[in-house]
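To keep things clear, I will list the structure first and then write my remarks on it.
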Amino acid sequence: MPDRRPLVAANWKMHKTVDEAGDFLERFIPSLDGLNGVDVVLCVPYTALAAAVDRTRRSPVRIAAQNMHFEPEGAFTGEVSAQMLTDVGVSSVVLGHSERRALFGETDEELAHKVPAALEAGLLPILCVGESAAQRDKDETQAVLAAQLDADLAAVEPGRLGEVVVAYEPIWAIGTGRTATTQQAQEAIGFVRSKLAERDAGAAEAVRILYGGSMKPDNAAELIAQPDVDGGLVGGASLDPEDFLAICRAAA
Ligand code: PGA
């Protein structure tokens with residue numbers, strides 16, 4: 001068995017002010033004492049990034065942004081670059097979340113630039129992929145995942161694929177309380193790994209693939225116990241420090 005260290009990421013989306021993030025960290029960080037064997041990442045809104053980096057400095061927690069532009073700087077009003085993120089001590093970034101794809105028109109073409117730009121800047125990219133309910137009903141899940149992976153990772157050198165984290169997030173499971181079954185999660189994530197193996201077998205064994213979509217304290221352990229599931233990307237249940245801690249414990 002390859003030695004893949006589990007990773008659990010909290011996706012706070014558009015939640016928490018600086019004060020609210022501080023309150024969360026005040027409760028969450030001490031409770032991590034003695035928890036080993038899992039990487040813990042908090043994906044926080046831009047406005048709370050610097051404060052969150054500051055407050056987690058002497059902890060194992062790493063801070064991520066939820067999006068970035070692929071250019072280092074320029075006339076892109078409202079955008080933030082990878083270099084700006086590393087400048088404030090951010091170490092990771094979520095790319096291609098289905099909400100960004102659906103609501104803000106993020107395209108595979110942009111993602112093909114964003115993933116290598118993040119790697120180049122020294123950020124850990126967490127690339128989200130996943131099918132809609134209609135696509136699953138039409139038996140298109142694997143085709144959708146294959147197309148997203150092919151497009152979004154096209155410009156990443158095969159040898160560097162293992163440095164990317166992929167999050168499989170079926171859209172029908174996000175924020176719905178309708179979690180994928182362990183079998184559905186394993187099947188899709190196993191497929192993602194086999195797809196990456198077509199480009200580099202070693203990297204495919206090393207790459208961490210997370211499950212996301214209504215992951216909760218009471219279903220995290222069985223999902224993460226699946227052979228190809230290396231952790232979780234957690235939305236709703238990550239807003240409460242105790243719930244999120246329970247999921248981190250389940251992964252450790
Ligand atoms: P959820 O969100 O856990 O609330 O379903 C997951 C995500 O969107 O990353």
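Open to solvent by less than 30 Å² (accessible area, probe 1.4 Å) and within 15 Å of the ligand (Cβ to nearest atom) - does that describe any residue in the range 200-210? Taking every residue of the range 200-210 in turn, at least one turns out to be open to solvent by less than 30 Å² (accessible area, probe 1.4 Å) and within 15 Å of the ligand (Cβ to nearest atom). Of the helices (runs of 4 or more DSSP H) contained entirely in the range 104-197, those carrying at least 2 residues that are more than 26 Å from ILE63 (Cα to Cα) and open to solvent by less than 60 Å² (accessible area, probe 1.4 Å) fall at 133-137, 141-152, 182-197.
Residues that are more than 16 Å from the ligand (Cβ to nearest atom) and either of a type outside the set (Val, Ile, Thr) or within 20 Å of VAL234 (Cβ to Cβ) (or both) within the range 92-110 comprise GLY105, ASP108, GLU109, GLU110, listed in sequence order.
When you look at GLU26, is it outside any helix (DSSP H, G or I), over 20 Å from VAL165 (Cβ atoms) and open to solvent by 10 Å² or more (accessible area, probe 1.4 Å), yes or no? Explain how you work it out, then say what you get.
Details: outside any helix (DSSP H, G or I): no; over 20 Å from VAL165 (Cβ atoms): yes; open to solvent by 10 Å² or more (accessible area, probe 1.4 Å): yes.
Criteria not met by GLU26.
Those residues that are within 11 Å of the ligand (Cβ to nearest atom), surrounded by 19 or more Cβ atoms within 10 Å (Cβ to Cβ) and either more than 15 Å from the chain's Cα centre (by Cα) or assigned to a helix (DSSP H, G or I) (or both), I need them from the range 217-242; list them, please.
Of the range 217-242, the ones within 11 Å of the ligand (Cβ to nearest atom) are 219-220, 232-239.
Going one step further and asking which of them are surrounded by 19 or more Cβ atoms within 10 Å (Cβ to Cβ), we end up with 219-220, 232-235, 237-238.
Residues satisfying the conditions are ASN219, ALA220, ALA237, SER238.
Quick check, is ARG4 outside any helix (DSSP H, G or I) and touching a Lys or Arg at 6+ places or on another chain (Cβ under 8 Å)? Yes. In this structure, LEU145 does satisfy being under 17 Å from the mean Cα position of the chain (by Cα) and farther than 26 Å from VAL80 by Cβ.
Remark: VAL94 falls outside the filter, which requires a residue to be in a strand (DSSP E or B), modelled with pLDDT of 95 or more and over 22 Å from ALA151 (Cβ atoms).
The values are calculated or read from the model by the stated rules, or taken from the named source; none is laboratory data. All of these numbers come straight from a predicted model, not from anything done at the bench. Every residue, glycine as well, gets a Cβ built from its backbone with ideal geometry; the counts of neighbours run over all protein chains shown. To get the accessible areas, we keep the full protein, side chains included, count just its heavy atoms, and leave off ligands, DNA and RNA. Shrake-Rupley method; radii C 1.70, N 1.55, O 1.52, S 1.80 Å.
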